Amino acid sequence: MDFELSDEQRMLQESAQRFLQKSYTFEHRSKLASQGGGFSRETWRAFGEMGWLGVAVPESMGGMGFSPVESAIVAEQFGRALVLEPYVMCGVFPASLVARSGREGQREAWLGDMVAGEMIYAVAHSEREARGQVHYVSATAKRTVDNTWRLDGYKTIVVGAPVADRLLVVARTAGAADEKGGIGVFRVDPKQAGVSLKTCALLDGTPSADVQLDGVIVAEADVLGEAGNAFDGLQAAVDEAIVAICAELVGDIEDVIELAAEYLKTRKQFGVAIGSFQALQHRMADMAIDAMQARATSHRALLALGEDGAHRSVEISGCKAQTTRSAKFVTQQGIQLHGGYGITNEYKVGHHYRRHLVLDVLFGNMEYHLNRYACRIQDEALAAAA
């Protein structure tokens, strides 16, 4: 894999940097979090105009026709700027899910408004008992006598649901809750009868909600692809979203290091800048090592996307565990280097720490992914020994 950016990739990176530096300052973010509910439709449309919401969507479906590498480039810049609008969860994730699982004609129709930023989609996939397992789905979808579908169940941490125009609800058409077969995806209007949202802002200010489905009726035209056969597309979309999260964490990490380095240059004790203290220099060196490890792991995750099925997903689990661990260490150290001020709302470094905590929870936390990866290594070692 070539880790040098092409000219097109460099242009994409620089355009994202320029836009965010000019239009998404920390002051703008703070104002949005306190007054705008953590989301701006105007900003989201701007993301669509830039093409960022469809970076990895084929041109035939209205996207830019690039790859997850380009999505990761954008996600990294969003991580540095601490963008509140959920680029991965309402941009990368639903677009990948529809592109992979939709029927011909359906994909083009749904993705058009989505990648333009005119329609906001949120994916209702996680449940309390799932604990990161993509295939664990207890919400049900039952066909009715008039050839529609009835949805019932409860979905948790649906990022972007309070501002979404449509929900993509993952529900079970057949089988037990932990089976991989019998999983479908259904498009639902969050304002229709039977849908209720328990909204909240996550720790970093991102809008989210738990979604209760009580006898929600869905037409056949709003079934994504083939009902009951959505697991493979869902797992692939989850993997792509996790890789984008890894890239976002790299952006968080690198901005924290820059913030800490600047603070050490300006903060003085005993008449000298504290950056001259050797102990703090050693701590910054440790943070830089973790930053390099996180970036290398993010590259590894991108490479894993080209592999098949279960091996791909487990490899990406290991990558999420490592980048999350690195982000936890670096953001905690960044706060420590700022002293007691680092955790306050006035300092950006504390917001990076909160963002890392939110990203850790999405699609299963660090412990889940680390255990999943460790079990794979153990199985391989036992097989080799046999």
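The values are calculated or read from the model by the stated rules, or taken from the named source; none is laboratory data. These figures come from a predicted structure and were not determined experimentally. Every residue, glycine as well, gets a Cβ built from its backbone with ideal geometry; the counts of neighbours run over all protein chains shown.
Here is the figure for the stretch 106-157: residues that are among the aliphatic types (A, V, I, L, M), farther than 30 Å from residue 45 by Cβ and not in a strand (DSSP E or B) total 5.
Looking at this structure, is residue 89 aliphatic (A, V, I, L, M) and not in a helix (DSSP H, G or I)? When the stated conditions are applied, residue 89 does not pass them.
Over 20 Å from residue 92 (Cβ atoms), surrounded by 12 or more Cβ atoms within 10 Å (Cβ to Cβ) and not assigned by TED's automatic domain parsing to the domain that holds residue 306: which single residue out of 36, 48 fits that description?
Details: 48 fails: over 20 Å from residue 92 (Cβ atoms).
Step by step, each of 36, 48 is checked, and only 36 is over 20 Å from residue 92 (Cβ atoms), surrounded by 12 or more Cβ atoms within 10 Å (Cβ to Cβ) and not assigned by TED's automatic domain parsing to the domain that holds residue 306.
Here residue 38 passes the criteria (1) within 19 Å of the chain's Cα centre (by Cα); (2) assigned to a helix (DSSP H, G or I) except the one numbered (2).
Checking each residue in the stretch 161-213 for being over 19 Å from residue 111 (Cβ atoms), charged (D, E, K, R) and in a strand (DSSP E or B) picks out 172, 198, 210. Residue check: residue 56 meets all listed conditions (1) closer than 28 Å to residue 236 by Cα; (2) hydrophobic (A, V, I, L, M, F, W, C); (3) in a helix (DSSP H, G or I) but one, namely (3). Of all the criteria given as (1) touching a Gly at 6+ places or on another chain (Cβ under 9 Å); (2) modelled with pLDDT of 95 or more; (3) surrounded by 20 or more Cβ atoms within 10 Å (Cβ to Cβ); (4) of a type outside the set (Val, Ile, Thr), the one not satisfied by residue 263 is (2). Filter the stretch 197-218 for residues that are in contact with a Phe, Trp or Tyr (Cβ under 9 Å, 6 or more places away or on another chain) and free of Cβ contacts under 8 Å to residues at least 60 places away in the same chain; which is surrounded by the most Cβ atoms within 10 Å (Cβ to Cβ)? Taking the candidates together, the pick is 210. When restricted to residues that are more than 14 Å from residue 328 (Cα to Cα) and free of Cβ contacts under 8 Å to residues at least 24 places away in the same chain, the stretch 281-297 contains 5. If a residue has to be in contact with a Pro (Cβ under 9 Å, 6 or more places away or on another chain) and farther than 16 Å from residue 44 by Cβ to count, how many in the stretch 159-169 make the cut? Count: 2. Looking for something outside any helix (DSSP H, G or I) and surrounded by 19 or more Cβ atoms within 10 Å (Cβ to Cβ) - is there at least one such residue anywhere in the stretch 228-241? There is at least one residue in the stretch 228-241 that is outside any helix (DSSP H, G or I) and surrounded by 19 or more Cβ atoms within 10 Å (Cβ to Cβ). Restricting attention to the stretch 183-194 and to residues that are small (Gly, Ala, Ser) and over 25 Å from the mean Cα position of the chain (by Cα), the residue that is surrounded by the most Cβ atoms within 10 Å (Cβ to Cβ) turns out to be 194. What about residue 137, is it buried (at least 16 other Cβ atoms within 10 Å of the Cβ) and out of contact with any Lys or Arg (no Cβ under 6 Å at 6 or more places or on another chain)? It is false that residue 137 is buried (at least 16 other Cβ atoms within 10 Å of the Cβ) and out of contact with any Lys or Arg (no Cβ under 6 Å at 6 or more places or on another chain). Looking only at the stretch 328-386, residues that are out of contact with any helix residue (DSSP H, G or I) (no Cβ under 6 Å at 6 or more places or on another chain), among the polar types (S, T, N, Q) and closer than 27 Å to residue 242 by Cα come to 4 in all.
On the basis of being among the acidic types (Asp, Glu) and crowded, with 17+ Cβ neighbours inside 10 Å, does residue 315 make the cut? If you could, list the steps in order and put the result at the bottom.
Details: among the acidic types (Asp, Glu): yes; crowded, with 17+ Cβ neighbours inside 10 Å: yes.
Taking the combined requirement at face value, the residue satisfies it.
Does residue 221 satisfy being of a type outside the set (S, T, N, Q) and either in contact with a Gly (Cβ under 6 Å, 6 or more places away or on another chain) or at pLDDT below 95 (or both)? It would help to see each step written out before you state the result.
Numbers: of a type outside the set (S, T, N, Q): yes; either in contact with a Gly (Cβ under 6 Å, 6 or more places away or on another chain) or at pLDDT below 95 (or both): no.
Criteria not met by residue 221.
With respect to the conditions (1) modelled with pLDDT of 95 or more; (2) part of a helix (DSSP H, G or I); (3) aromatic (Phe, Trp, Tyr), residue 341 lacks only one, and its number is (1).
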